[in-house]
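**Student:** Pasting a structure below so you can have a look.
Read-outs: derived from the displayed coordinates by stated rules, not from any lab. Values in this document were obtained by computation on a predicted structure and should not be read as measured data. Glycine also receives a Cβ, built like all others from the backbone with ideal geometry; neighbour counts cover every protein chain displayed.
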Amino acid sequence: MILPSLNEREVIVSYMEGDDDGTYLRIKKISTDGTVSKPITISRIDGGRGTGVPQLEILDDEIFIVWTVYDNESNQLKTVRLNSKDV
């Protein structure tokens with residue numbers, strides 16, 4: 001597995017997590033020394049398989065996260081762009 005890296009010491013991971021209020025797409029920063037950041041909630045999402053596998057890519061100082069939502073009887077892509085310095 002290749003994880004998107006911010007630099008030589010830090011990677012970003014995305015994951016889906018559910019609680020009593022719903023399912024959420026979140027990211028965390030993980031360092032080579034074992035430090036794990038607090039989660040950042042990207043969006044509330046459908047909990048089913050229709051969301052697909054969220055994709056995460058880092059380009060220069062920007063993090064792009066893309067996932068699928070079902071809206072108006074069709075699948076659509078949603079995108080969030082974050083500055084890596086804000087994570």
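**Student:** Determine which aspartates and glutamates satisfy two conditions relative to LYS28: a Cα distance under 19 Å, and not lying fewer than 8 residues away in the same chain.
**Tutor:** The reachable aspartates and glutamates, counting only those whose Cα sits under 19 Å from LYS28, are GLU8, GLU10, GLU17, ASP19, GLU57, ASP60, ASP61, GLU62, ASP86.
**Student:** Same structure again: What order do you get for 11-22, 61-72 when each peptide is scored by the mean count of other beta carbon atoms within 10 Å, highest first? If you can, show how the numbers build up before the last one.
**Tutor:** Numbers: 11-22: 12.7, 61-72: 15.2.
The most tightly packed comes first, giving 61-72, 11-22.
**Student:** Explain nothing, just the number: dipole magnitude of region 7-87 about its Cα centre with +1 on each Lys and Arg Cβ and -1 on each Asp and Glu Cβ, in debye rounded to the nearest 20.
**Tutor:** Working: 10 positive and 15 negative charges, 17 e Å.
Dipole about the Cα centre, nearest 20: 80 debye.
**Student:** Another one. Modelled label-to-label distance, GLU62 and GLN76, 7 Å Cα→beta-carbon offset: nm?
**Tutor:** Placing both labels 7 Å beyond Cα along the Cβ direction yields 2.1 nm.
**Student:** When the scattering of region 10-86 is computed by the Debye formula from its Cα atoms alone, each counted once and equally, what is log10 I(q)/I(0) at q = 0.20 Å⁻¹?
**Tutor:** -0.91
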